[in-house]
1. If the convex hull of the alpha-carbon atoms of segment 56-132 is projected onto planes in all directions, what is the mean projected area in square nanometres?
2. Please work out the Cα center distance from segment 73-115 to segment 237-267, rounded to the nearest Å.
3. Going from the alpha-carbon gyration tensor of segment 255-335, what semi-axes, largest first and in whole Å, does one get by taking the root of 5 times each eigenvalue?
4. Modelled label-to-label distance, residue 15 and residue 166, 7 Å Cα→beta-carbon offset: nm?
5. Which of the residue pairs 266/354; 171/254; 278/364; 122/171; 254/354; 52/291 have a Cα-Cα distance greater than 26 Å in the structure shown?
6. Keeping every protein chain present and rolling a 1.4 Å probe, give me the accessible area per residue for segment 1-69 in Å².
7. Between residue 351 and residue 202, how many nm apart are label points set 7 Å from Cα along the C-beta direction?
8. Using a 1.4 Å probe on the protein heavy atoms, what percent of the accessible area of segment 314-378 belongs to carbon and sulfur?
Amino acid sequence: MSAFQDLGLRAELVRAVSEQGYTTPTPVQTAAIPPVLEGRDLMAAAQTGTGKTAGFTLPLLQRLVETPVDGPRRVRALVLVPTRELAAQVAESVRVYGAHLPLRCALVFGGVGLNPQIAELKRAPEILVATPGRLLDLAARRAVDLSRIEVLVLDEADRMLDMGFIHDIRKVLALLPKRRQNLLFSATFADEIRNLAEGLLDRPVQVEVARRNATADTVAQRFVEVDAGRKPELLIHLLEENGWDPVLVFTRTKHGANRLAQKLVKAGVEAEAIHGNKSQNARTRALEGFKDGRVRVLVATDIAARGLDIDGLPQVVNFELPNVPEDYVHRIGRTGRAGATGSALSLVSADERKLVRGIERVLKRQLPLERLDGFVPTGRPAPVEDDRPPRGARPPQGRGRGAPSGNRDPRGGQGNRQGQGRSAQGSSARASSASAGGTGAPRRRRRRGGAGRAAA
C-alpha cells in the first residue's frame, strides 16, 4: 500500500497521483491531508515548492465526491489565489488529480473578456479557482452564486495581502456562508497572516513545515558583485560558461525585463520576457516555449515569483535584487522544488548592497559577496536608463481587445476601477493548461530531478 493510501485518500486519487509519477507525499502533504479530510480548518505554512497545492487539492476533491448534494450542481468549493499564473496552476492540479472523479472545475481571472467565463460558470462546476478582482466582478453581475460554498481555500495568502487584496478578500468573505471549512496556505506565517486567520479560521490545525522565511536547503545561493552596467555582459558570460538551460531571470521592472530579453536575443540567446503588461496569450506562449525548450531564458518580474511551476528548473538568476526582501525567498523558490537541487545566483551592484543586508535579516544569516575575474566592480555609478518606453513606441502587449487595462500594481498586476491594486488577471481554460504546465508538447530537454515527490 502506497504512502498516499496511508493518508486515507481514495483509490481514484492515488491512481491519479501515481500517473504523475509521484510515490511519496511531501511533509506538508503528510501533515495537511488527514485533518482536511476530517473537515478541520487548517493554517499551513511551508516554503515554496514543497507541494502545498496537492496538500489541499487532493483532500478537497475527496471531500466533495464523498459528500454529494441533492438537486442541481453548484459551486461548492472556492480556491482564491493572487495571480493568473497561480490560478492556472491550481486549476491544472485539480484537473490532473481529479481525472478519475466526476467533478468539474472552472477558472476565472481578469485580463480577458467576461463572457467565456460566464458561459463556463453556467456549466455549474463544483470547484471554482479565482482571483479576487474578477470573482467580485462576476458576483456583481450575478454570474456566480457563492452562498453555498462548503470549502474555502486561501492560497498564497501572504502574497494576496502584499498585493493589497485584503479589502477584496473581505468582500468575498461577506458573500460566503458562515458555516464552511477554511484552509489557509501561505509561504510564511507573518503577523498579518495570523491576524487574518484569527477572524477566519475555527480552531485550526497549524502546520509549519519550514521556519518563517526559510529558503530551501536544496538551493545553493551565490551573490556576485558587479557594476550595474556590466550585468548583461556578465549574465551572457555565465550562460556560455556554465551552459545553463533553462534559466529563470528576475528583474524589478517590466521595461527592464523587456530590455534584458532584447539584449540576450541580440547575443544569440533564446529569451522571452513575461510581466504584467503582457497579454495572457503572450505570457502563455512564453511559458510554453520555456517549458518545451524553445526558450532558454525567461526574464520575469515578481509577478512570476509565485505561480510558476516548472519541472526540474535548475537555475534562477536575480539580475536585480527585489526591493522587498521576502520576495527573494519566493523568487529562488522556483528552483530546488520537491527535493530536487537547484542554484540561485544574484548579481549585486553597489547600490544594492543595502538590499543584501535586508535579505540577510530575513534569512537570519550572513551572505558572502563574491567577485569574478574580469568583472571586478570599479565602483562607477550605473548608467541612467529611462524606464519608460521610448516616445512613439508601440503600446505594450496586453492593451488590446480582451487584454489587461487600467491602473497597474507596482508588482505587475492590474488595478481595479478605483485603482486599488487588483492583480492583472485573465481567463481561458485553454490558456490555463498551458500556463500551469499541462501535458502538452514534449520537452526537448531531459527533466532534472523532482521524480517521486508530489510537487504541485
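The values are calculated or read from the model by the stated rules, or taken from the named source; none is laboratory data. In this text, all values refer to a predicted model and were calculated from it rather than measured experimentally. Neighbour counts are summed over all protein chains in view; Cβ atoms, including those assigned to glycine, are modelled from backbone coordinates with ideal geometry. Accessible surface is based on the protein model in full, side chains and every heavy atom, while ligands, DNA and RNA are left aside. Shrake-Rupley method; radii C 1.70, N 1.55, O 1.52, S 1.80 Å.
1. Values: hull surface 20.2 nm².
Average of the hull's projected areas for segment 56-132 equals 5.1 nm².
2. Centre-to-centre (Cα) distance: 32 Å.
3. Sorted largest first and rounded, they come to 19, 15, 13 Å.
4. Taking the simple label geometry, residue 15 and residue 166 are separated by 4.7 nm.
5. Numbers: 266/354 32 Å; 171/254 30 Å; 278/364 36 Å; 122/171 23 Å; 254/354 22 Å; 52/291 21 Å.
Checking Cα-Cα distances, 266/354; 171/254; 278/364 exceed 26 Å.
6. Numbers: 2480 Å² over 69 residues.
Counting only protein heavy atoms, the per-residue value for segment 1-69 is 36 Å².
7. 5.3
8. On the way: 1340 of 2620 Å².
After summing per-atom areas, the C and S share lands at 51 percent.
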